[in-house]
Amino acid sequence: MAKGKLSKKKEREERNKLIREDPAFWEKFFASISEGVSMMETVALMGVPYTTVWRWIDNDPELSDRMKHARRLRADRNAARIEQMARELEAGGMDPNAARVAIDARKWIAARMDPHIWGDKIHAEVQVTDATKLHLEALKQRMQPKVINPEDPDLIE
């Protein structure tokens, strides 16, 4: 029985290796993500385990870059859909409450997919000054001996 499990595991590993090395798989995968389908849905439709695909992407810089690009395209697609919904709403073709919920959901997705463009812009510049260090520097300067020039006219009264 252990042999049967081992062979199933080997079969699965071989199948996954073939899938991972298939450029058509990745083209279809990234196209699906770019078109707005979630990764969970995409891998389920393609019959590959979600965690397996994430591991492949995490361990391969080229796949990571392609995933980032697909996510940016997905964010842009959601932004375009938001504009389309706004036009439909203005034309009276949508319920305002339904439009608000849909638009908020798409804004959230866009902000997560491409936070640099669609996320909330928060820029905080923090400068930390070590007051103790400043105090010690001032004390060191005050403790330096002063050199007195007896010929200095300011010293003669």
For segment 58-67, state whether one or more residues are closer than 30 Å to I103 by Cα and out of contact with any Phe, Trp or Tyr (no Cβ under 9 Å at 6 or more places or on another chain). yes
Top-ranked residue in segment 68-90 [being at pLDDT below 90 and among the aliphatic types (A, V, I, L, M); ranked as farthest from T42 (Cα to Cα)]: L89
Picking from A80, A86, which residue would you name as being within 22 Å of the chain's Cα centre (by Cα) and free of Cβ contacts under 8 Å to residues at least 60 places away in the same chain? A80
Can you spot a residue in segment 93-104 that is under 18 Å from the mean Cα position of the chain (by Cα) and either in contact (Cβ under 8 Å) with a residue 24 or more places away in the chain or surrounded by 13 or more Cβ atoms within 10 Å (Cβ to Cβ) (or both)? no
Here is a check on your reading of the model: is V43 surrounded by 15 or more Cβ atoms within 10 Å (Cβ to Cβ), out of contact with any Phe, Trp or Tyr (no Cβ under 7 Å at 6 or more places or on another chain) and among the hydrophobic types (A, V, I, L, M, F, W, C)? no
Restricting segment 110-157 to residues that are among the acidic types (D, E) and at pLDDT 80 or above, the one surrounded by the most Cβ atoms within 10 Å (Cβ to Cβ) turns out to be E137
Any residue in segment 12-24 that is surrounded by 13 or more Cβ atoms within 10 Å (Cβ to Cβ), closer than 24 Å to I117 by Cα and in contact with a helix residue (DSSP H, G or I) (Cβ under 6 Å, 6 or more places away or on another chain)? no
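The values are calculated or read from the model by the stated rules, or taken from the named source; none is laboratory data. Quick caveat, the model's predicted, so the values are computed rather than measured. With ideal geometry, Cβ positions are generated from the backbone for all residues, glycine too; neighbour counts draw on all protein chains shown.
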